[in-house]
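Asks: Here it is, the structure in full.
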Amino acid sequence: QVKVVESGGGLVQPGGSLTLSCLVTGSTLGFIAMGWYRQAPGNQRELVATIQSSGLKIYPEAVKGRFTISRHNANNTLLLQMNDLKPEDTGVYYCNLYPFRTGSWGQGTQVTVSS
């Protein structure tokens, strides 16, 4: 079963940048589709980026042009580069398979965008 551990969150000012990491075990990252998800207080968890095994990347409009998903196959690590962060990007960020598997959620990493 795929297991994940997210890291890299923190407090950043609007317009700042962060890079999140997700260490994946239980499968080879380059052979599976993965996604980054986030959950803001009071909201449902939402998808913010996906990467297919082919390398195809898809983003929702809310983050397109600001977020970049990538993977480091040698380290089996999924990354999310986030630029020009906005207060509405605040939330707990998770990685998981895409589509997600209930048993593969990690603890998430908190991202807070505030001045």
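Asks: Within the set of pairs 6+ apart or on separate chains, which have a first residue in the stretch 95-109 that is open to solvent by less than 20 Å² (accessible area, probe 1.4 Å), a second that is assigned to a helix (DSSP H, G or I), and C-beta atoms under 8 Å apart?
Replies: Here the result reads Asn96/Ser104; Leu97/Ser104, each pair linking the stretch 95-109 to a residue that is assigned to a helix (DSSP H, G or I).
Asks: For the stretch 24-45, which residues satisfy the criterion of being of a type in the set (Ser, Thr, Tyr) and open to solvent by less than 30 Å² (accessible area, probe 1.4 Å)? Break it down into steps so the answer makes sense when it comes.
Replies: First, pick out the residues of the stretch 24-45 that are of a type in the set (Ser, Thr, Tyr): 25, 27-28, 37.
Hit for the stretch 24-45 is Tyr37, nothing else.
Asks: With respect to Val92, determine if the residue is buried (at least 16 other Cβ atoms within 10 Å of the Cβ) and in contact with a Leu (Cβ under 8 Å, 6 or more places away or on another chain). Let's see the steps before the verdict.
Replies: Details: buried (at least 16 other Cβ atoms within 10 Å of the Cβ): yes; in contact with a Leu (Cβ under 8 Å, 6 or more places away or on another chain): no.
For Val92, the condition - buried (at least 16 other Cβ atoms within 10 Å of the Cβ) and in contact with a Leu (Cβ under 8 Å, 6 or more places away or on another chain) - is not met.
Asks: Moving on. Considering only residues that are part of a loop (DSSP other than H, G, I, E, B), in contact with a strand residue (DSSP E or B) (Cβ under 7 Å, 6 or more places away or on another chain) and closer than 17 Å to Lys86 by Cα, which ones fall in the stretch 26-53?
Replies: Going residue by residue through the stretch 26-53, those that are part of a loop (DSSP other than H, G, I, E, B) are 26-28, 32-33, 40-45, 52-53.
Those left that are additionally in contact with a strand residue (DSSP E or B) (Cβ under 7 Å, 6 or more places away or on another chain): 26, 32-33, 40, 45.
Matches in the stretch 26-53: Ala40 only.
Asks: Sticking with this structure for a sec: Restricting to the stretch 53-72, and then to whatever is in contact (Cβ under 8 Å) with a residue 12 or more places away in the chain and closer than 12 Å to Trp36 by Cα, can you tell me which residue is surrounded by the fewest Cβ atoms within 10 Å (Cβ to Cβ)?
Replies: Here the residue is Pro60.
Asks: Within the stretch 1-23, count every residue that is among the β-branched types (Val, Ile, Thr), surrounded by fewer than 18 Cβ atoms within 10 Å (Cβ to Cβ) and over 20 Å from Val113 (Cβ atoms).
Replies: First, the residues of the stretch 1-23 that are among the β-branched types (Val, Ile, Thr): 2, 4-5, 12, 19.
Then keep just the ones that are surrounded by fewer than 18 Cβ atoms within 10 Å (Cβ to Cβ); that gives 2, 5, 19.
Next cut, over 20 Å from Val113 (Cβ atoms) only: 2, 5.
Residues in the stretch 1-23 being among the β-branched types (Val, Ile, Thr), surrounded by fewer than 18 Cβ atoms within 10 Å (Cβ to Cβ) and over 20 Å from Val113 (Cβ atoms): 2 in total.
Asks: So, Val48, is that one touching a Phe, Trp or Tyr at 6+ places or on another chain (Cβ under 6 Å), β-branched (Val, Ile, Thr) and surrounded by 11 or more Cβ atoms within 10 Å (Cβ to Cβ) or not?
Replies: On the way: touching a Phe, Trp or Tyr at 6+ places or on another chain (Cβ under 6 Å): yes; β-branched (Val, Ile, Thr): yes; surrounded by 11 or more Cβ atoms within 10 Å (Cβ to Cβ): yes.
Judged against the criteria, Val48 is a match.
Asks: Okay, moving on. When the stretch 52-86 is examined, which residues are found to be aliphatic (A, V, I, L, M) and touching a Gly at 6+ places or on another chain (Cβ under 6 Å)?
Replies: Of all residues in the stretch 52-86, those aliphatic (A, V, I, L, M) come to 56, 58, 62-63, 69, 74, 78-80, 82, 85.
Passing the criteria: only Leu85.
The values are calculated or read from the model by the stated rules, or taken from the named source; none is laboratory data. These numbers come from a predicted model, not from an experiment. Here Cβ is always computed from backbone atoms with ideal geometry, including for glycine, and neighbour counts include all displayed protein chains. Surface accessibility is based on the protein's heavy atoms, side chains included, excluding ligands, DNA and RNA. Shrake-Rupley method; radii C 1.70, N 1.55, O 1.52, S 1.80 Å.
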